[in-house]
Structures are given as structure tokens and as C-alpha cells.
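**Q** Dumping the structure here so I can ask a few things about it.
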Amino acid sequence: MFLDRDGTLIRDVPYLHHPDGVELLAGVVAGLRLLQAAGFRLVMVTNQQGIGLGYFTKQEFFAVNQRLLRALGESGVRIARIYYCPHSVADNCLCRKPNTLLLENALRKYQARAGDCYLIGNGACDMQAGARLGVMTVSVGGESAASYRADNFADAANWIVSRRAPAAVAPGSRAEEVLA
């Protein structure tokens, strides 16, 4: 399960570089717990051009992620790995979404097939990166060029889990019920 960070898991703050700015979006914890319970490995893939532009350092980026991981960990959610692109658009690199190197690296690391994976994001670059590799894409909060357009993260998780084999989903395990 590929997950964009800004605008998907946390509130989108331009060039977020301070941990105090981390604010989980509604339905994220419940949705991630549902996906994790359904057997998905959670992998974050994020563009962070603020590093390449000099707006913040890698250490500040890591501090933001530590806050996010701590918040998720308190609810039993484990992000397996974070792949990020530190380059600016002008660098024209292969890892910045909509390019696919971040996803390709994760597929290789976990020996996964693109056709068995999903990407949840909020931007056109997320949807394009997933589509280029044959990954099912789910848009949260706007982008319509996706396999599914979700109202929120919990809706995205429920849609994905509903597509899995029935044996993989425990009865009563809809995202909004996970935290009950």
C-alpha cells in the first residue's frame, strides 16, 4: 500500500518542516488500521522538494516524519518504510512523482507486483505515478483521474478492503469501526 503524506495522511502545510505542524487527517488512523489488518504493508512515498530548494533540511523532514510515525504508532499503525524525493522540479530526477522510481524501489524491496498494489494520494502526480506502473490509484480529496475517488481516507480504505478476497476481511472491520 503506497501512501502519499501531505494532503493524504496529514494536513497539507506547504514546506512543512516543524513537527508541531503534523495534523492527522480525519479517518487516517482508522483507515490505516483497517488496511494493516487486511494484510497490507504500508509504505509512504512523498515528494519533498523543500529540501532541494533549501527551505528545510533532511533532519527537519525526518523530525516531521518521527512525529507522524509516533502518532500512528500510538494507535498500532506501523509504516514499514518511507521513500522520499528531496529534489526540486527543476532537477528533473527519476524519483519525483509522477516519475516512478520511489514506487519501483519499494516494489523491488518487498518483491511485490504492481498489479497487487494500491496508491492512496491526493494529487495528479500521485495518480500518474501509480497508473504508469499499473498500480490501482485512490484519490482522497480531489484528483479525479484515479481508479476510485474517495470522500476521505476511511472511505478509501473501505473501498480497497472491499475489493480483497472475503477471507482477508474480518466481519465488522470497516474503518470507522476499527477504533470503537
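**Q** Would you confirm whether any residue within segment 140-147 is in contact with a strand residue (DSSP E or B) (Cβ under 7 Å, 6 or more places away or on another chain) and more than 17 Å from residue 46 (Cα to Cα)?
**A** yes
**Q** Among 108, 81, which is over 15 Å from the mean Cα position of the chain (by Cα) and not in a loop (DSSP other than H, G, I, E, B)?
**A** Within the list 108, 81, the selection yields 108.
**Q** What is the number of the single condition among (1) free of Cβ contacts under 8 Å to residues at least 12 places away in the same chain; (2) touching a strand residue (DSSP E or B) at 6+ places or on another chain (Cβ under 8 Å) that residue 59 does not meet?
**A** It fails just one condition, (2).
**Q** A follow-up question, please. Which numbered condition trips up residue 12, out of (1) among the charged types (D, E, K, R); (2) more than 19 Å from residue 89 (Cβ to Cβ); (3) surrounded by fewer than 18 Cβ atoms within 10 Å (Cβ to Cβ)?
**A** In the conditions (1) among the charged types (D, E, K, R); (2) more than 19 Å from residue 89 (Cβ to Cβ); (3) surrounded by fewer than 18 Cβ atoms within 10 Å (Cβ to Cβ), residue 12 misses (2) alone.
**Q** Would you mention how many residues in segment 103-158 are touching a residue at least 24 places away in the same chain (Cβ under 8 Å) and of a type in the set (Lys, Arg)?
**A** Here the count works out to 2.
**Q** Continuing with this model, one more query. From 53, 69, grab the single residue that is free of Cβ contacts under 8 Å to residues at least 40 places away in the same chain, under 15 Å from the mean Cα position of the chain (by Cα) and farther than 24 Å from residue 149 by Cβ.
**A** Residue meeting the stated conditions: 69.
**Q** For segment 115-130, which residues satisfy the criterion of being closer than 23 Å to residue 28 by Cα and part of a helix (DSSP H, G or I)?
**A** Across segment 115-130, the qualifying residues are 116, 124, 125, 126, 127, 128, 129, 130.
**Q** I'm told residue 75 meets every condition in (1) assigned to a helix (DSSP H, G or I); (2) more than 14 Å from the chain's Cα centre (by Cα); (3) closer than 22 Å to residue 33 by Cβ except one. Can you identify the failing condition by its number?
**A** It fails just one condition, (1).
**Q** Take the residues of segment 137-155 that are assigned to a strand (DSSP E or B) and in contact with a helix residue (DSSP H, G or I) (Cβ under 7 Å, 6 or more places away or on another chain): which is surrounded by the fewest Cβ atoms within 10 Å (Cβ to Cβ)? Give the derivation first.
**A** Initially, segment 137-155 is screened for residues assigned to a strand (DSSP E or B), giving 137-140, 148-150.
Keeping just the survivors that are in contact with a helix residue (DSSP H, G or I) (Cβ under 7 Å, 6 or more places away or on another chain) gives 137-140, 148, 150.
Details: 137: 23, 138: 28, 139: 25, 140: 29, 148: 16, 150: 21.
Here the residue is 148.
**Q** Looking only at segment 140-147, decide whether some residue is under 14 Å from the mean Cα position of the chain (by Cα) and within 23 Å of residue 52 (Cβ to Cβ).
**A** Initial filter on segment 140-147 (under 14 Å from the mean Cα position of the chain (by Cα)): 140-141.
Still in the list and also within 23 Å of residue 52 (Cβ to Cβ): none.
No, segment 140-147 contains no residue that is under 14 Å from the mean Cα position of the chain (by Cα) and within 23 Å of residue 52 (Cβ to Cβ).
**Q** Within segment 25-65, can you find the residues that are of a type outside the set (A, V, I, L, M, F, W, C), in contact with a Phe, Trp or Tyr (Cβ under 7 Å, 6 or more places away or on another chain), surrounded by fewer than 22 Cβ atoms within 10 Å (Cβ to Cβ) and in a helix (DSSP H, G or I)?
**A** 50
**Q** So, one more: Tell me which residues, restricted to segment 113-127, are surrounded by 20 or more Cβ atoms within 10 Å (Cβ to Cβ) and out of contact with any helix residue (DSSP H, G or I) (no Cβ under 8 Å at 6 or more places or on another chain). Outline the logic, then answer.
**A** Our first condition is that a residue be surrounded by 20 or more Cβ atoms within 10 Å (Cβ to Cβ); within segment 113-127, this holds for 117-123, 126-127.
Once the filter is applied, which keeps residues that are surrounded by 20 or more Cβ atoms within 10 Å (Cβ to Cβ) and out of contact with any helix residue (DSSP H, G or I) (no Cβ under 8 Å at 6 or more places or on another chain), segment 113-127 yields 122, 123, 126, 127.
**Q** Confirm whether residue 173 is modelled with pLDDT under 95 and either touching a Leu at 6+ places or on another chain (Cβ under 7 Å) or acidic (Asp, Glu) (or both).
**A** yes
The values are calculated or read from the model by the stated rules, or taken from the named source; none is laboratory data. Bear in mind that the values here come from a model prediction, so they are computed numbers and not experimental data. Ideal geometry is used to build each Cβ from the backbone, glycine not excepted, and the neighbour counts take in all protein chains shown.
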